[in-house]
Structure formats: structure tokens, C-alpha cells
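The values are calculated or read from the model by the stated rules, or taken from the named source; none is laboratory data. Every value quoted in this text rests on a predicted model; they were computed, and no experiment measured them. Heads up, the Cβs are rebuilt from the backbone with ideal geometry, glycines too, and the neighbour counts pull from every protein chain shown. The area values use the complete protein model at the heavy-atom level, side chains included, leaving out ligands, DNA and RNA. Shrake-Rupley method; radii C 1.70, N 1.55, O 1.52, S 1.80 Å.
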Amino acid sequence: MIELDGVRRLLAPRRPMTLVDRVLEVVPGERIVAVKAVTGNEPWYARMPEDTPAEQLAYPPGLLIESWGQAAGILADLSHERPKGVLLLAGAADVEFHRPVLPGVLLKHRVRLVRFVRELVGFEGEILVDGEAVASIGQLTMAYRSDDVLRQSGPTGARSLPQESFADSRS
């Protein structure tokens, strides 16, 4: 088990963007189970009026994917010798949100490492609340990028991936 202090050492994002509270289980090169408590005190709820009905306080889907992706990043870093640089989201496919996530629940992220090819990493998995899937991630690809490459990419950060794509490497 990796507690919050260890999670913070492993993740680049800092508060308020550290969206993994604890790692319950990890098998490097295979899978990770991590949790994140969703509370009504999070910064994304600060601008909502006090009388907003609870059913309208759904956790933003982008933050669900970010939280799950942070668990995936921990798995990647613990699975192989880490390439130099920052791990960035390269793409996602077959992502489904099954129901809204409201404050007061514990998200359980189950992530499976599918492929690690040079600086590209592929994952799949789901997000559970009380044992029920609230989101499914069919494929999420992340890429390590060095600080030098990121500085060269210009103000938009746009830069193409290497010629050998993740999809081409699956066999």
C-alpha cells in the first residue's frame, strides 16, 4: 500500500490536482488499484451556489479521467525504468461514463497496463464506486516527453508522436 505522502512523491501534479489519495495494490508491469475520495470541499465546487441541489454536483468527467490517469502514471513509473521527462496524455478511446459521481463517494481506480513501447504506455480499466462501474476506459495512451522536447514544441505544445505509433506496436 502507498499512502498519500508516497503518492505525492510519485506524481508530478501537486495540490489541488493530486487526484489519487492512496494506492491499495500494485503489481508492477501489470495492474494497480488506487482510490480517491470525492468531497464537496474540492476547489471545482467552490463557485457553485450553496443551494445547488446535490444531484447537480456531479464530479467533472475530465477530472475522473485525470484521477484514473494519475493512477496509470504511478503504475507506469513503477513498472519500468522511467524515461526522462513528463508523462502526458496522448489519447483515449472507448471511454464510457455510466452514471454521475457525486460528492461523498470513494472512487476505486482499476488500471491494467496493456503495452509499454519505448516512451508510449497503453492502459485499460475502470472506475468503480461501491463495486459498480461508473466509467470504463477501453484504451488510454500516455507518452513520456522530455523537458527539451516540450520547450521546442512552441506555445500550443503541439508536436507529433514518433512514426511508430502505439497501435502499430500491438501484436
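Derived from the Cα gyration tensor, the three semi-axes of the equivalent ellipsoid of segment 24-70 are 29, 10, 8 Å, largest first. Across segment 113-122, computed HN-Hα scalar couplings (Karplus, 6.51 cos²θ - 1.76 cosθ + 1.60, θ = phi - 60°) run 7, 9, 7, 10, 10, 6, 9, 9, 10, x Hz from first to last residue, x flagging Gly and Pro. When F116, F123 are compared by accessible area at a 1.4 angstrom probe, the order from most to least is F116, F123. Take each peptide in 38-50, 103-115, count the other Cβ atoms within 10 Å of every residue, and average; sorted highest first, the result is 103-115, 38-50.
Over all directions, the projected convex hull of the C-alpha atoms in segment 6-88 averages 6.2 nm² in area. Normalised by 2.2 N^0.38 Å, where N is the number of residues, the C-alpha radius of gyration of segment 43-137 stands at 1.24.
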